[in-house]
1. Using a Gaussian network model on the chain with a 10 Å cutoff between Cα atoms, which of V37, V203, V187 fluctuates the most?
2. How high is the relative contact order of the chain? Use alpha-carbon pairs under 8 Å, at least six apart in sequence, and give a whole percent.
3. Using R₀ = 30 Å, calculate the FRET efficiency as 1/(1 + (r/R₀)^6) where r is the Cβ-Cβ separation of L20 and N151; round to 0.05.
4. Taking all protein chains in place and a 1.4 Å probe, what share, in percent, of the accessible surface of the chain do carbon and sulfur account for?
5. Per DSSP H run of n ≥ 4, the term is -39500 (n - 2.57); total these for the chain, divide by its residue number, and report the mean residue ellipticity at 222 nm rounded to 500 deg cm²/dmol.
6. So which chymotrypsin sites (Phe, Trp or Tyr not before Pro) in the stretch 102-177 end up in coil per DSSP with only 15 or fewer other C-beta atoms within 10 Å?
7. Mean-square fluctuation check for the chain, GNM, Cα pairs under 10 Å: which of Q189, Q176, Q142 is largest?
8. Given labels modelled 7 Å from the Cα in the Cβ direction, how far is it in nm from F118 to T159?
Amino acid sequence: MGTAREIELGKLRLGAGNPLFLIAGPCVIESELHACVMAEKVAKIAADVGLPYIFKASYDKANRSSLKAFRGPGMTEGLRILEKIKKELKVPILTDIHEPSQAAAVAEVCDILQIPAFLARQTDLLIAAGKTSRVINIKKGQFLSPWDMDNVAEKVESTGNKKIILTERGTSFGYQNLVVDMRSFPVMQRTGYPVVFDVTHSVQLPGGQGRSSGGQPQFIEP
């Protein structure tokens, strides 16, 4: 069992027995107005219940089911919008990176760099992210066991960066279905790093609508 690590993120303290925190926002930046409205409303809800809040939105969803699917505004415009939200609402920002070359530029704006689940074993990407010294949120691959995340975290640790979050988002179970093994939470907690549950992506049905992913949002709350 690893020593529980506390991650400092401005005024927020994550992990090591600190209160639950919320990561939420639109999966992808649909427009500047939409992202700003979402951020403001969710930040208010979180503040009203005293829940530390981190805004999340992607400037590019590079792993869409179909070539025709909307991916986002791109890195330059997306980072401009994320920086605006960060300055106006004073909230930490999380976004995905997909290539090592994106890490440094994204780290200039965002507080947390997220490694998408499909890329959880990409060594060069993990090392580039770790070298930014930002907090790194690694989503467990749908194809990985929870104990496989030890090796994944070690790749980031090799850069001297131990500001790591591990996120459970379900495991592939047959075609177009995901299942969450609740044992994965204590298994990943053995690393000492904070563990997050991505509930919305855990009820996703990858490729479930042919050219796009489906989902079962009715199961989010329970």
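1. Comparing V37, V203, V187 in a Gaussian network model of the chain, the most mobile one is V37.
2. Result for the chain is 17 percent.
3. The calculated FRET efficiency here is 0.65.
4. 54
5. Computed ellipticity for the chain at 222 nm equals -8500 deg cm²/dmol.
6. F143, F173, Y175
7. Sorting by GNM fluctuation, first place goes to Q176.
8. Once both label points are built, they end up 2.2 nm from each other.
The values are calculated or read from the model by the stated rules, or taken from the named source; none is laboratory data. Just so it is clear, the structure is predicted and the values come from calculations on it, not from any experiment. Ideal geometry is used to build each Cβ from the backbone, glycine not excepted, and the neighbour counts take in all protein chains shown. Side chains included, ligands, DNA and RNA excluded: accessible areas come from the protein's heavy atoms. Shrake-Rupley method; radii C 1.70, N 1.55, O 1.52, S 1.80 Å.
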